[in-house]
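Novice: Structure incoming, see below.
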Amino acid sequence: VHTGDGVLDHLFNVSRNHLPVAIDKNGRMDGSIWQYNLEWVRDQAHVAEAFARLGEYGKARTMLSRLVDDFVSPEGDTVDSGQRRPPSDVELDQNGELLLALGTYVDWTGDLELVESRWEKVRRIAAFPFTDPFVHPPSGLLHNSREYWERHGIHGIEDGFELMSQFFVALGLESAARIADELGHDADRDRWAESARTLKKAILDDPTFRLVENGHLIKRRGVDGVWQRTIHMESGFGLPEAIPLLQEGPHYLDPDASSALPIANGFVDPTSELASGTLGHIEELWNQWWDGGGYGRYHASSEPDSPGAWPFASLFVARAYACLLYTSP
């Protein structure tokens with residue numbers, strides 16, 4: 001890949017060369033440069049996608065096989081930080097991200113055997129987010145108390161609908177439906193395609209529960225329909241006293257850089273007013289409490305770690321702007 005921009009070419013080449021050496025021959029990957037010695041389905045699914053796009057098909061297959069075989073329970077929930085979580089803390093987005101990675105692998109390789117030989121497990125991955133206690137019958141949206149960046153109840157995250165949980169599950173179901181169509185599993189294809197459409201409509205159009213306010217996507221809404229705009233910790237729970245979340249409030253949840261991902265993936269039309277409003281809102285995350293550039297994950301006032309720009313967050317926003325750039329007339 002050559003973009004003609006020296007900085008972008010350098011970043012791409014470094015990423016391309018570094019990824020293979022971060023994974024062992026069995027597909028294992030430490031979840032962090034800080035040596036967690038733990039693994040996440042979310043992280044590894046995205047790395048497997050990258051391998052597929054780079055032509056590293058063997059590495060992608062090894063990682064995806066291991067994730068489906070060893071990191072998905074018989075019930076269909078997925079491992080994060082090396083463990084299964086109670087329903088309130090399950091990372092529902094991971095099911096969608098794994099299905100999306102499987103679809104990307106099939107798209108780039110044509111290798112249907114990987115998923116065909118594991119079809120019952122794929123069905124469980126697709127079905128799990130729609131089991132009790134996650135489904136909210138009035139809206140069809142999925143709820144619990146875990147947010148995308150892994151804050152949860154102790155941080156003040158209330159039971160509700162996280163944008164990324166809906167978005168990635170919908171995207172993953174679209175991907176799974178394409179695979180089902182190729183394999184001739186018509187009932188699965190129709191069910192998953194309809195579930196994806198229903199989720200998308202609820203996210204964008206539900207009169208009470210849609211994840212849109214003031215012309216932009218929002219991060220989270222409670223099961224009562226109220227936009228959860230702030231969080232509050234009742235106790236420090238051993239966290240450093242100097243973190244922003246333990247200072248005087250309010251501690252805002254929005255804007256959140258993950259809101260750029262529906263635009264970056266074409267789930268929301270990049271040229272639409274909703275995309276424009278969302279990106280404008282996200283711009284508040286640039287240089288919030290620092291001056292070195294980059295976007296924070298979310299409003300720095302709700303940060304339980306050190307405030308600062310994150311590469312992930314900055315790349316999410318960059319992808320959304322790139323998508324806008326290349327789809328504009």
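Novice: Of all residues being open to solvent by 90 Å² or more (accessible area, probe 1.4 Å) and not aromatic (Phe, Trp, Tyr) in segment 17-49, which is nearest to Gln94 (Cα to Cα)? Just the residue, please.
Specialist: Only one residue fits best here, namely Arg28.
Novice: Please pick out the residue among Leu245, Leu211 that is out of contact with any Pro (no Cβ under 6 Å at 6 or more places or on another chain) and of a type outside the set (Ser, Thr, Tyr).
Specialist: Leu211
Novice: Of the conditions (1) open to solvent by 10 Å² or more (accessible area, probe 1.4 Å); (2) touching a helix residue (DSSP H, G or I) at 6+ places or on another chain (Cβ under 9 Å); (3) within 14 Å of Pro129 (Cβ to Cβ), Pro87 clears all except one; give me its number.
Specialist: Exception for Pro87: condition (2).
Novice: I'd like the full set of residues that are hydrophobic (A, V, I, L, M, F, W, C) and in a loop (DSSP other than H, G, I, E, B), limited to segment 1-34. Spell out the reasoning first.
Specialist: Within segment 1-34, the subset hydrophobic (A, V, I, L, M, F, W, C) is 1, 7-8, 11-12, 14, 19, 21-23, 29, 33-34.
Of everything in segment 1-34, those that are hydrophobic (A, V, I, L, M, F, W, C) and in a loop (DSSP other than H, G, I, E, B) turn out to be Val1, Ile23, Met29, Ile33, Trp34.
Novice: Any residue in segment 75-88 that is part of a loop (DSSP other than H, G, I, E, B), free of Cβ contacts under 8 Å to residues at least 40 places away in the same chain and out of contact with any Gly (no Cβ under 6 Å at 6 or more places or on another chain)?
Specialist: Yes, segment 75-88 has at least one match.
Novice: A further question follows. Out of Ala126, Ala187, Ala180, Ala176, which single residue is farther than 24 Å from Ala275 by Cα and open to solvent by 10 Å² or more (accessible area, probe 1.4 Å)?
Specialist: Ala187
Novice: Something else: What's the number of the condition Ser81 fails, among (1) open to solvent by 20 Å² or more (accessible area, probe 1.4 Å); (2) closer than 24 Å to Ile157 by Cβ; (3) of a type in the set (Ser, Thr, Tyr)?
Specialist: (1)
Novice: Is it true that Asp70 is out of contact with any Cys (no Cβ under 6 Å at 6 or more places or on another chain), at pLDDT 95 or above, under 18 Å from Arg124 (Cα atoms) and open to solvent by 50 Å² or more (accessible area, probe 1.4 Å)?
Specialist: Numbers: out of contact with any Cys (no Cβ under 6 Å at 6 or more places or on another chain): yes; at pLDDT 95 or above: yes; under 18 Å from Arg124 (Cα atoms): yes; open to solvent by 50 Å² or more (accessible area, probe 1.4 Å): yes.
Against the criterion (out of contact with any Cys (no Cβ under 6 Å at 6 or more places or on another chain), at pLDDT 95 or above, under 18 Å from Arg124 (Cα atoms) and open to solvent by 50 Å² or more (accessible area, probe 1.4 Å)), Asp70 qualifies.
Novice: Look at segment 250-283 and say how many of its residues are open to solvent by less than 20 Å² (accessible area, probe 1.4 Å) and assigned to a loop (DSSP other than H, G, I, E, B).
Specialist: Looking only at that region, the number is 7.
Novice: Can you find even one residue in segment 220-227 that is within 26 Å of Leu279 (Cβ to Cβ) and in contact with a Lys or Arg (Cβ under 7 Å, 6 or more places away or on another chain)?
Specialist: yes
Novice: Here is a follow-up. Which pairs do you get when a residue that is closer than 17 Å to Ala257 by Cβ, found in segment 144-160, comes within reach of a residue that is not aliphatic (A, V, I, L, M) and not in a loop (DSSP other than H, G, I, E, B), reach meaning Cβ atoms under 7 angstrom, with the pair 6+ apart or on two chains?
Specialist: Sorted first by the residue in segment 144-160, then by its partner, the pairs are Glu147/Glu162; Glu147/Arg220; Tyr148/Asp93; Tyr148/Glu162; Tyr148/Ser258; Trp149/Tyr298.
Novice: Further question on the same structure: Quick one: which residue in Leu99, Leu112, Leu163 is buried (at least 20 other Cβ atoms within 10 Å of the Cβ), farther than 30 Å from Pro250 by Cβ and touching a residue at least 24 places away in the same chain (Cβ under 8 Å)?
Specialist: None of the other options fit; the residue is Leu99.
Novice: Can you pull out every residue in segment 284-329 that is open to solvent by less than 80 Å² (accessible area, probe 1.4 Å), without any contact (Cβ under 8 Å) to a residue 40 or more places away in the chain and either over 19 Å from Asp269 (Cα atoms) or touching a helix residue (DSSP H, G or I) at 6+ places or on another chain (Cβ under 7 Å) (or both)?
Specialist: Answer for segment 284-329, where residues must be open to solvent by less than 80 Å² (accessible area, probe 1.4 Å), without any contact (Cβ under 8 Å) to a residue 40 or more places away in the chain and either over 19 Å from Asp269 (Cα atoms) or touching a helix residue (DSSP H, G or I) at 6+ places or on another chain (Cβ under 7 Å) (or both): Leu285, Asn287, Gln288, Trp290, Gly292, Gly293, Gly294, Tyr295, Gly296, Gly308, Ala309.
Novice: Oh, and also: Considering only residues that are in a loop (DSSP other than H, G, I, E, B) and in contact with a helix residue (DSSP H, G or I) (Cβ under 9 Å, 6 or more places away or on another chain), look in segment 170-212 and name the one that is farthest from Val223 (Cα to Cα).
Specialist: The extreme case among them is His185.
Novice: Can you say whether Gly31 is touching a residue at least 12 places away in the same chain (Cβ under 8 Å), in contact with a helix residue (DSSP H, G or I) (Cβ under 9 Å, 6 or more places away or on another chain), within 21 Å of Phe312 (Cα to Cα) and of a type outside the set (Val, Ile, Thr), as far as the supplied structure shows?
Specialist: So Gly31 passes the test.
Novice: Do you know which residues across segment 126-150 are over 28 Å from Asp305 (Cβ atoms) and assigned to a loop (DSSP other than H, G, I, E, B)? Walk me through how you get there before you give the answer.
Specialist: The first filter runs over segment 126-150 and keeps only residues over 28 Å from Asp305 (Cβ atoms), leaving 126-128, 130-133, 135-141.
Listed by number, the residues that qualify are Thr131, Asp132, Pro133, His136, Pro137, Pro138, Ser139, Gly140, Leu141.
The values are calculated or read from the model by the stated rules, or taken from the named source; none is laboratory data. What you see is a predicted model; the values in this text were computed from it and never measured. Backbone-built Cβ (ideal geometry, glycine too); neighbour counts: all protein chains shown. The protein model used for the area step is the full one, side chains on, heavy atoms only, and it has no ligands, DNA or RNA in it. Shrake-Rupley method; radii C 1.70, N 1.55, O 1.52, S 1.80 Å.
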